[in-house]
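The block underneath contains the structure these notes are about, expressed in structure tokens.
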Amino acid sequence: MPELPEVEALVRDLTPTVVGRTIQSVTVYKEKLFNAAPGLTLEDMFGRRIERIWRRGKLTVWELSDGLSLVIHLKLAGQIVHLAPDGTELAHGGHPVPMWGSPLPHKSSHVLFCLDDGSIMYLTDIRQFARLHLMPHSEVGTFLKHQKIGVEPLTRRFTAAAFRDKLRRRSIPLKTTIMDQSVVGGIGNIYADESLWRAKLHPRRPASSLTDAEITRLHRAIRAVLDYAVREGAAFVPHGKAISDRDFPYCHGRAGSPCPRCKTIIVKEWVGGRGTHYCPKCQKLLVPVLA
Ligand SMILES: [Zn+2]
């Protein structure tokens, strides 16, 4: 978290409220969150208009007037909330802790953007992993290239054939493979669990062991899960637990609850250091059977 759908939702929600606004000042309370290209400082953002916000993988690019861009990576737990001068929430996006609607600034609100209409954008991050990179716009392409973000899964460039080539070269667990940003851009823990559940594949299967039919199934599942999350609203999984009266996500965050497909109890295990949810019946780890 926040993954592709959450970051996409953030771009869509914040674009109408902040694009066209001019940044009056920016305050950074945790210095490690902010980096600037040589010759640039925080003050270089003052007086610049926010012209466009777009997403690549889990990163957002904030194009500012006169050739500067701010790249924001929310990492595990960053969130952005835009409040009107009277404190009304205009837009929000990212990690849902602190809960939307909590009083701001929070003790973890590490960056404040004061805009020309008196509204304030708060970047809050309970884990302090979020990063802001200020750079000339001309350097954004190179910067993103260095992040090694794979193909965007919701574009035509994400083909089953290209996906197969990536999987065939990796003998590590499937879950870890599809969370590798150079394999598919934007998938994290939630949507990896959801995609594998939908495709009925065990998270520990070696990526290279998949048959062509399984690869096609997983490719379709990834697209369907992300497409659904972008259209219907991103998953809401505060503190790693799904909300019981919401259908989505179907598997992630639901350890101890019945699988929506077969009613077997969903289990949680650690795969590649990440809490992984799967249905032991729908997602069998096939072992070779000796004759
Ligand atoms: Zn099941």
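Tabulated data for the structure shown
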{"read-out": "Number of the exception - Val7 against (1) touching a His at 6+ places or on another chain (Cβ under 8 Å); (2) among the β-branched types (Val, Ile, Thr); (3) over 19 Å from Leu115 (Cβ atoms)", "value": "(1)"}
{"read-out": "Single residue of the stretch 195-249 satisfying the filter (polar (S, T, N, Q) and modelled with pLDDT of 90 or more) that is nearest to the chain's Cα centre (by Cα)", "value": "Ser195"}
{"read-out": "Verdict on Ala224 being surrounded by fewer than 16 Cβ atoms within 10 Å (Cβ to Cβ), free of Cβ contacts under 8 Å to residues at least 12 places away in the same chain and among the small types (Gly, Ala, Ser)", "value": "no"}
{"read-out": "Cys262 being under 14 Å from Asp193 (Cα atoms), within 11 Å of the ligand (Cβ to nearest atom) and either out of contact with any helix residue (DSSP H, G or I) (no Cβ under 9 Å at 6 or more places or on another chain) or at pLDDT 75 or above (or both)", "value": "no"}
{"read-out": "Yes/no for Glu214 being among the charged types (D, E, K, R) and closer than 24 Å to Arg12 by Cβ", "value": "no"}
{"read-out": "Checklist (1) under 26 Å from the mean Cα position of the chain (by Cα); (2) surrounded by 14 or more Cβ atoms within 10 Å (Cβ to Cβ) applied to Gly47, failing item", "value": "(1)"}
{"read-out": "Evaluation of Lys281 against (1) within 16 Å of the ligand (Cβ to nearest atom); (2) surrounded by 22 or more Cβ atoms within 10 Å (Cβ to Cβ) (one fails), failing number", "value": "(2)"}
{"read-out": "Scan of the stretch 99-118 for residues that are touching a residue at least 12 places away in the same chain (Cβ under 8 Å), in a loop (DSSP other than H, G, I, E, B) and surrounded by fewer than 19 Cβ atoms within 10 Å (Cβ to Cβ), ordered by number", "value": "Met99, Trp100, Gly101, Leu104, Pro105, His106, Asp116, Asp117, Gly118"}
{"read-out": "Hits in the stretch 210-226 (condition: over 12 Å from Ile187 (Cα atoms) and of a type in the set (Val, Ile, Thr))", "value": "Thr211, Ile215, Thr216"}
{"read-out": "Cross-chain or 6+ apart pairs with Cβ under 7 Å, the stretch 16-42 first and under 21 Å from Arg52 (Cα atoms), then surrounded by 14 or more Cβ atoms within 10 Å (Cβ to Cβ) and among the aromatic types (Phe, Trp, Tyr)", "value": "Ile23/Phe113; Val26/Phe113; Leu42/Phe34"}
{"read-out": "Search result, residues across the stretch 148-169 that are buried (at least 16 other Cβ atoms within 10 Å of the Cβ) and touching a Lys or Arg at 6+ places or on another chain (Cβ under 9 Å)", "value": "Ile149, Gly150, Val151, Glu152, Pro153, Leu154, Phe158"}
{"read-out": "Output for the stretch 208-244, where each listed residue is among the small types (Gly, Ala, Ser) and out of contact with any strand residue (DSSP E or B) (no Cβ under 7 Å at 6 or more places or on another chain)", "value": "Ser208, Ser209, Ala213, Ala221, Ala224, Ala229, Gly233, Ala234, Ala235, Ala242, Ser244"}
{"read-out": "All positions within the stretch 151-165 that are free of Cβ contacts under 8 Å to residues at least 40 places away in the same chain and either in contact with a strand residue (DSSP E or B) (Cβ under 9 Å, 6 or more places away or on another chain) or not β-branched (Val, Ile, Thr) (or both)", "value": "Arg156, Arg157, Ala161, Ala162, Asp165"}
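The values are calculated or read from the model by the stated rules, or taken from the named source; none is laboratory data. Note that this is a predicted model, so its numbers are computed, not measured. As a convention, Cβ positions derive from the backbone with ideal geometry for all residues, glycine included, and neighbour counts pool all protein chains shown.
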